[in-house]
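*Asks:* Structure below; questions to follow.
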Amino acid sequence: MAFIIKPLVTEKMTKITDKRPNRYGFIVRPEANKLQIKNEVESQYNVTVEDVNTMRYAGKRSSRYTKAGLVKGQKIAFKKAVVTLKEGDTIDFYSNI
């Protein structure tokens, strides 16, 4: 089962990667644990993972006023993993574009 949903390429994650070049972020399934994330990153990208930090984000309620009235909704809940690789290993997300 695939636990990694997509790599996280945002301004905040790019700053972290620039500061510490061996750290990368991923959006993962909420039920994935650190060992499963580590094994999947190692198998997909052929790198050695030293550490995995995970964060859970709750889905936030949002509402907006439109012509049709008040529209209510909710943003999705997700889990983020920041993976630290062995010194010298890199992942290139843009290689297959």
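The values are calculated or read from the model by the stated rules, or taken from the named source; none is laboratory data. Everything quoted here is computed from the prediction, not taken from an experiment. Cβ atoms come from the backbone with ideal geometry, glycine included; neighbour counts cover every protein chain shown. Just the protein is used for accessible areas: all its heavy atoms, side chains included, with ligands, DNA and RNA removed. Shrake-Rupley method; radii C 1.70, N 1.55, O 1.52, S 1.80 Å.
One line per residue, one yes/no per condition, for (1) assigned to a loop (DSSP other than H, G, I, E, B); (2) open to solvent by 80 Å² or more (accessible area, probe 1.4 Å):
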{"position": "Tyr24", "(1), (2)": "no, no"}
{"position": "Asn53", "(1), (2)": "no, no"}
{"position": "Ser62", "(1), (2)": "no, no"}
{"position": "Ile76", "(1), (2)": "yes, yes"}
{"position": "Val82", "(1), (2)": "no, no"}
{"position": "Phe93", "(1), (2)": "yes, no"}
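*Asks:* Whether any residue in the stretch 30-46 is in contact with an Asp or Glu (Cβ under 7 Å, 6 or more places away or on another chain) and assigned to a loop (DSSP other than H, G, I, E, B) is what I want to check.
*Replies:* No, the stretch 30-46 contains no residue that is in contact with an Asp or Glu (Cβ under 7 Å, 6 or more places away or on another chain) and assigned to a loop (DSSP other than H, G, I, E, B).
*Asks:* While we're looking at this one, here's another question. Please enumerate the residues belonging to the stretch 1-22 that are polar (S, T, N, Q), part of a loop (DSSP other than H, G, I, E, B) and under 13 Å from the mean Cα position of the chain (by Cα). First the steps, then the outcome.
*Replies:* In the first step, residues of the stretch 1-22 are kept if they are polar (S, T, N, Q); the result is 10, 14, 17, 22.
Right, trim to part of a loop (DSSP other than H, G, I, E, B) and you get 10, 22.
Once the filter is applied, which keeps residues that are polar (S, T, N, Q), part of a loop (DSSP other than H, G, I, E, B) and under 13 Å from the mean Cα position of the chain (by Cα), the stretch 1-22 yields only Thr10.
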